[in-house]
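The structure appears below as structure tokens.
A short reminder: the numbers here are calculations on the coordinates, not readings from a lab. This one's a predicted model, so the numbers in the text were calculated from it and none came from an experiment. Virtual Cβ from ideal backbone geometry, glycine too; neighbours counted across all protein chains shown.
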Amino acid sequence: GQRPDRVMKRDLLGGEEVNVYSHKEGVVRAVVCAGLYPNIAKLKSAATKGSPPSFLDEEGSIDLHPSSVAFQAERFRTSWVVYHEKVKTTKVYLRDSCSISPFAVILFGGKLSVDHQGGTIAIDSWIKFAMSPKDAVRLKRLRHELDSILLDVVKTPNVLPPSAQTSVDATAVILDKEWERICKQKGVA
């Protein structure tokens, strides 16, 4: 339907309006990323016959826990996973993990910095993606806008200005399209 030019009131405790993107896997995975950050790891080595994949996080090497569903995965859709917990027994293990898109990390991760000379965007200085400076600056601006929207919603629950809704809708499209592209290209986890 049409959105009025005035401030929209929303029921943030539930309802159809709040769940509009609940069927978009890329958006849901980005929300999980936002909620669990900084629990992010990068694929270090892919699974081989008899050997599960291994990952790196900011603190070093970690493996998938043998009881993890993803432990049996031969391939991952992306090189990035978000995880619920890390445990140390005989090794350091990840539990409850799922693949996430680079855009989810960029838009909902930690502090962003753009290296114009090197053509990268970094999150918390250890997560880096190659990207044109122009695109990196655009994503940094979108990230700043999303951070501002979230702050506004925390300050004034149930109120979302139409301009903010436009940014949220555009972000959802970006995340969903990227996840669709990833799914067409790669594996299963």
With Rg from the Cα atoms and Rh as the Kirkwood inverse mean 1/r over Cα pairs, the range 55-189 has an Rg/Rh of 1.01
In nanometres, what is the gap between the two model label sites at Val154 and Glu16, each 7 Å from Cα along Cα-to-Cβ?
-> 3.1 nm
Which cross-chain or sequence-distant (5 or more) residues have an amide H under 5 Å from the amide H of Lys44, H modelled 1.01 Å from N in plane?
-> Ser54, Phe55, Leu56
Take the cross-link list Lys111/Lys177; Lys42/Lys140; Lys128/Lys155; Lys155/Lys177; Lys88/Lys140; Lys42/Lys134 and give me the ones stretching past 27 Å between alpha-carbons.
-> Lys128/Lys155; Lys155/Lys177; Lys88/Lys140
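Suppose we keep just the DSSP beta bridges with both residues in the chain; what percent of those would be antiparallel, to 5? Don't skip to the answer; put the middle values down first.
Details: 29 of 31 bridges.
The antiparallel fraction comes to roughly 95 percent.
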Label-zone membership for the range 39-60, site Val92, 7 angstrom Cα→C-beta point, backbone N under 17 Å = 39-45, 53-60
Per-residue HN-Hα couplings for the range 131-146, Karplus 6.51 cos²θ - 1.76 cosθ + 1.60 at θ = phi - 60°, whole Hz, x for Gly and Pro?
-> 6, 5, x, 4, 5, 4, 5, 4, 5, 5, 5, 4, 4, 4, 5, 5
Relative contact order %, the chain, counting alpha carbon pairs below 8 Å whose residues are six or more apart = 25 percent
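Consider all pairwise Cα distances in the range 86-127 and report the whole-number % of them above 12 Å. Don't jump to the answer; show the numbers that get you there.
Details: 589 of 861 pairs.
Value for the range 86-127 (Cα pairs over 12 Å): 68 percent.
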Among trypsin sites (Lys or Arg not before Pro) in the range 21-109, those in a DSSP loop whose Cβ has at most 14 other Cβ atoms within 10 Å are Lys49, Arg75, Lys91
